[in-house]
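The values are calculated or read from the model by the stated rules, or taken from the named source; none is laboratory data. None of the values given here were measured: they were computed from a predicted structure. Here the Cβ positions follow ideal geometry from the backbone for every residue, glycine too, while neighbour counts run over all protein chains shown. Just the protein is used for accessible areas: all its heavy atoms, side chains included, with ligands, DNA and RNA removed. Shrake-Rupley method; radii C 1.70, N 1.55, O 1.52, S 1.80 Å.
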Amino acid sequence: MPGSEQPPTPQDSVEAELSQWLAGMPDVEPLTEAARQRIGRMARLFERLLTQVAADNELTAGDWAALSALQRSGPPYQASPTTLSQQLGITSGTMSVRLARLSQAGLIESVAAADGRSKPVQLTSHGQDRWRAATQQRTAREHRLFAEALSPEDLKELNVLLSRLLGRLESEFGQATRHDVPKDA
């Protein structure tokens, strides 16, 4: 029957809440606010995915970040605790706890220091295997999520648009950290 059509169902939580949110904020540009809200929510959901995959692989997100930093260092996959804590943006105390946990799990080991002052750690083969399994699981899940929502052409266009926006933000505020810095120890 004409005129009795239901309004379309919102596609996401931002769409469902935006008009109510904007009602009390008449000076806010709706499209900008919607985009910012979506980007923030997606970032938090990707963090949730990372935490779930880490747990599936008997890691915390912080443990995985430390293993990732060691993996990114390249062969022989080692770094000092100070270097790791600086890369991850965490305190030396938090880094010590994390390294003790990874060492106890057999994922890292201490190695002799070249200068005698610091004691670097390096990934063990078990640590590399665990990191690789978690990373493959994460990237497969992310690929599936993108592929179910966007065509390859859409994804190309999205990357062009996000690159343009990120470039503008970086010109204003400087570069963000290159890698996620998890909140957990």
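With the structure loaded, tell me whether residue 163 is open to solvent by less than 90 Å² (accessible area, probe 1.4 Å), over 27 Å from residue 43 (Cα atoms), part of a helix (DSSP H, G or I) and at pLDDT 95 or above or whether it fails that test. No: the conditions fail for residue 163. In region 118-149, the residue that is modelled with the highest pLDDT out of those that are surrounded by 15 or more Cβ atoms within 10 Å (Cβ to Cβ) and in a loop (DSSP other than H, G, I, E, B) is 124. Would you check if residue 115 is surrounded by 12 or more Cβ atoms within 10 Å (Cβ to Cβ), among the charged types (D, E, K, R), under 22 Å from residue 86 (Cβ atoms) and modelled with pLDDT under 95? So residue 115 does not fit the description; no.
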